[in-house]
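See below for the structure under consideration.
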Amino acid sequence: MDEINVLLHDLVPEHAILSEKEVKKVLNDLRVNADQLPKIRKDDPVLKTLEMAGQEVKEGQIIKITRKSESAGVSVVYRMIVERVR
C-alpha cells in the first residue's frame, strides 16, 4: 500500500523543523524554555512524512507550525518533539 503524504492535504498546516539558531531566537523572543512549549509526538503523521522525505526528526527538536485562515490570517505556533507525552 502506498504511503499518503499528509503534507499535501489542504487542511494540514505548514510544518518546519527549526535550526539551533532559530530555536535560540524563538525561545528568547517568547521568554520560555523548550520544556514549556506544547508537545508533538514523534509518531505524528506529519513528522513521519517529514522523516520519509529525508529530514532528521529527533526528540527535543522544535517545530514551527504555520496555520493560514481567511478569518485569522497567519498563526504561528511552536512545539517540542517528544517520543511520548508524559
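Can you pull out the residues in region 45-86 that are aliphatic (A, V, I, L, M), farther than 14 Å from ILE17 by Cβ and in a loop (DSSP other than H, G, I, E, B)?
Matches in region 45-86: ALA72, VAL85.
Anything in region 21-64 that is crowded, with 17+ Cβ neighbours inside 10 Å, polar (S, T, N, Q) and either modelled with pLDDT of 95 or more or over 15 Å from the mean Cα position of the chain (by Cα) (or both)? List them, or say none.
GLN61
Pairs needed: first member in region 62-86, over 17 Å from PRO45 (Cβ atoms); second member anywhere, surrounded by 10 or more Cβ atoms within 10 Å (Cβ to Cβ) and of a type in the set (S, T, N, Q); C-beta distance under 6 Å; at least 6 residues apart or different chains.
So the pair list comes out as VAL76/THR66.
For residues that are among the charged types (D, E, K, R) and assigned to a loop (DSSP other than H, G, I, E, B), tally how many sit in region 12-44.
So in region 12-44, the residues among the charged types (D, E, K, R) come out as 14, 20-22, 24-25, 29, 31, 35, 39, 41-44.
Okay, now just the ones that are also assigned to a loop (DSSP other than H, G, I, E, B), so 31, 42-44.
Number satisfying all stated conditions: 4.
The values are calculated or read from the model by the stated rules, or taken from the named source; none is laboratory data. Not measured: the values here are computed from a predicted model. As a convention, Cβ positions derive from the backbone with ideal geometry for all residues, glycine included, and neighbour counts pool all protein chains shown.
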